[in-house]
1. Per the 1.4 Å probe, what fraction of the accessible area of region 91-133, in percent, lies on carbon and sulfur atoms?
2. Place a +1 charge on the Cβ of each Lys and Arg in region 43-131 and a -1 charge on the Cβ of each Asp and Glu, then give the dipole magnitude about the Cα centre in debye, rounded to the nearest 20.
3. With r as the distance between the Cβ atoms of Asp18 and Asp44 and R0 = 25 Å, compute the FRET efficiency 1/(1 + (r/R0)^6) and round to 0.05.
4. Counting heavy atoms of the protein chains only and a 1.4 Å probe, report the per residue accessible area for region 1-118 as a whole number of Å².
5. Run the simple label-point estimate for Lys34 and Glu5 please: 7 Å along Cα→C-beta, distance reported in nm.
6. Using a simple spin-label model with points 7 Å from Cα along the Cα→Cβ vector, what separation in nm is obtained for Ile113 and Asp76?
7. Under a cut-off of 18 Å between alpha-carbon atoms, report the aspartates and glutamates in cross-link reach of Lys58, not counting same-chain residues fewer than 8 places apart.
8. Considering only Val94, Trp56, Val74, whose Cα is most displaced toward the positive end of the charge dipole of region 54-116, charges sitting on Cβ of Lys, Arg (+1) and Asp, Glu (-1)?
Amino acid sequence: MSLAEIEKKLKEDIKNLDEVNFIFDFLEAYNQPKATINRLKKGDYNKSNIENELVWSKKIHFRKINNDEDVHFVIDEIQKSEEVKKNKIRFLIVTDLSSFLSIDLKTKDTLDIPLKELDLNAQFFLPLIGQEKTQIIDENSADIKAAEKMGKLCIPKQNNREKRSSAEI
């Protein structure tokens, strides 16, 4: 499934928001197997017995809250819980269906947006479909200097070859 397809599906889901099935629509947008989503709905795979909460081992810990609760406070509370460590959760997601807050516990990246902008940030959850985010690591200055010196060594040889081949012509 392409990022464009995911974005389109998320945009449709937000436009036709189903408050009860939001998390399942979200997972469907990321092409999660329908059988798995059905088992999560039934509770077979859901490690939580709390209403409006879904804990899918090694994947997500989702909680839908009321508008009078603070998404930041709730996600901090969840992040500190043993449930997260025990189930090796990758993504924490908390929403009041107005605000949307998520933390990628592997990369420590956060997403704090209005729910209506979820489709514009679809790349944040690409690990759900096996596409890890690339992280650019600063090059060691010694590596950069070595590469520059190697480049300087190779350039004159190329120029000499070019001169010979043009002289031969």
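The values are calculated or read from the model by the stated rules, or taken from the named source; none is laboratory data. From a predicted model like this one, the values you see are computed outputs, not experimental measurements. Here the Cβ is made from the backbone with ideal geometry for all residues, glycine too, and neighbour counts use every protein chain on show. Accessible surface areas use protein heavy atoms only, side chains included; no ligands, DNA or RNA. Shrake-Rupley method; radii C 1.70, N 1.55, O 1.52, S 1.80 Å.
1. 47 percent
2. The calculation lands at about 620 debye.
3. My answer for the efficiency is 0.75.
4. Spelled out: the 1.4 Å probe surface of region 1-118, per residue, equals 57 Å².
5. Using points 7 Å along Cα→Cβ, the separation is 1.4 nm.
6. 2.4 nm
7. Correct list for Lys58: Glu28, Asp44, Glu82, Glu83, Asp104, Asp109, Glu132.
8. Looking along the dipole axis, the top candidate is Trp56.
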